[in-house]
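Working notes for the structure below.
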Amino acid sequence: MALGERNHSSVTTFILLGFSEYPHLQTPLFLVFLTVYAVTLVGNLGIIVVIRISPKLHTPMYFFLSHLSFLDICYSSVFTPKLLEILIMEDRTISFKGCMVQFFFVCAFVITEMFMLAVMAYDRFVAVCNPLLYTVAMSQALCTLLVAGAYAWGGICSLTLTYSLLKLSYCGSNVINHFGCEYSAILSLSCSDPYFSQMTCLVISTFNEACSLLIILASYIFIVVTIVKMPSTGGLQKAFSTCASHLTTITIFHGTILLLYCVPNSKSSWLLVKVATVFFTVMIPMLNPLIYSLRNKDVKDTARKLVHTKLLSHSM
């Protein structure tokens, strides 16, 4: 399909169905998602603030963690406000341009987070396997380069996927059976040949998932081998504690992505796709700060000291 044929698209707005097939659940879902979104913002902003104000946390590990929290805020904020809007408003429309912009940003942030988790796995590998060379190996310049590379790659992949959707014509139904502009939901509305878009998505998603998981798997294989060789149980527990939170986050994040990949493309599976997407875009950004704050002693101690200091200053 030539790029010029995009001008023949008659669709200028999309209608988001969301969870409209369950009218009695609209208000309860709104309250639940609003609460989750509030916790997401407070939790992730809290982690960023705690890391910035505590010199003890000015290390590569927490530098990457602050960017992970920033990404959680970003991609949750792309989807959740629109989800909340269509749950309480009769107008469930989104413009064609708005839909593509939403898709671009959520895709960019998700891919960036995927590689941020891989970077964090590499950081744990260096910290556990080469502790004496950690500060030299993970220099500030390298950390900045790794983070910038993750953002740049996320933007490039998202731009490519968005371009592949813009090449298509949309001249039939404008009803998206979703609460946001998810890739397969947009693609199902196209009235032109989606082969190029489907192949582009397949290549990019497979490459990104395989590369990020390979980096994580290789890092943790070396970590496990190093931990097994440790003579003391104290070193074993310390090494495991630094990786437990990250492993939990990786399991939830990639587990949900793989679930979405495995869902068959049929009408009966759309509810599962929507539920999985809600968990991915709304719930996971809330879980990450809880996982890191509850399992990380340094973050808990710093947050406790901050709260204690603030309470003392107000009481005086």
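The values are calculated or read from the model by the stated rules, or taken from the named source; none is laboratory data. Since the structure is predicted, the reported quantities are computational estimates derived from the model, not experimental observations. So basically every Cβ, Gly included, is an ideal-geometry build from the backbone, and we count neighbours across all protein chains shown. Side chains included, ligands, DNA and RNA excluded: accessible areas come from the protein's heavy atoms. Shrake-Rupley method; radii C 1.70, N 1.55, O 1.52, S 1.80 Å.
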Note to self: with every protein chain in place and a 1.4 Å probe, segment 14-306 gives an accessible area per residue in Å² of 47 Å²
Using a 1.4 Å probe and ignoring any ligands, DNA or RNA, find the accessible area of Arg304 and quote it in Å² to the nearest 10. 140 Å²
Taking just the alpha-carbon atoms of segment 14-306, what radius of gyration and Dmax come out, in angstrom? 20.4, 67
Can you find, among Ile53, Ser188, Phe280, the residue sitting farthest towards the positive end of the charge dipole of segment 14-306, where Lys and Arg contribute +1 and Asp and Glu -1 at Cβ? Ile53
The percentage of the accessible area of segment 14-306 (probe 1.4 Å, all protein chains present) made up of carbon and sulfur atoms, to the nearest whole number, is 74 percent
Rounded accessible area of Ser184 (nearest 10 Å², 1.4 Å probe): 40 Å²
Ranking by accessible area, most exposed first, for Phe109, Phe19, Phe222 with a 1.4 Å probe: Phe222, Phe109, Phe19
Which FRET efficiency, nearest 0.05, do Glu85 and Leu214 yield, Cβ-Cβ r, R0 51 Å? 0.85
Net charge near Phe115, counting Lys/Arg +1 and Asp/Glu -1 over other residues with Cβ under 13 Å of its Cβ? -3
Mind ranking Asp123, Asp193 by accessible surface for me, highest first, 1.4 Å probe? Asp193, Asp123
Expected field for Glu21, accessible surface area in Å² at 1.4 Å probe radius, rounded to 10, holds 90 Å²
Below 22 Å Cα-Cα, how many Lys pairs turn up in segment 14-306? Only count pairs eight or more apart in sequence, or on different chains, if you could. 12
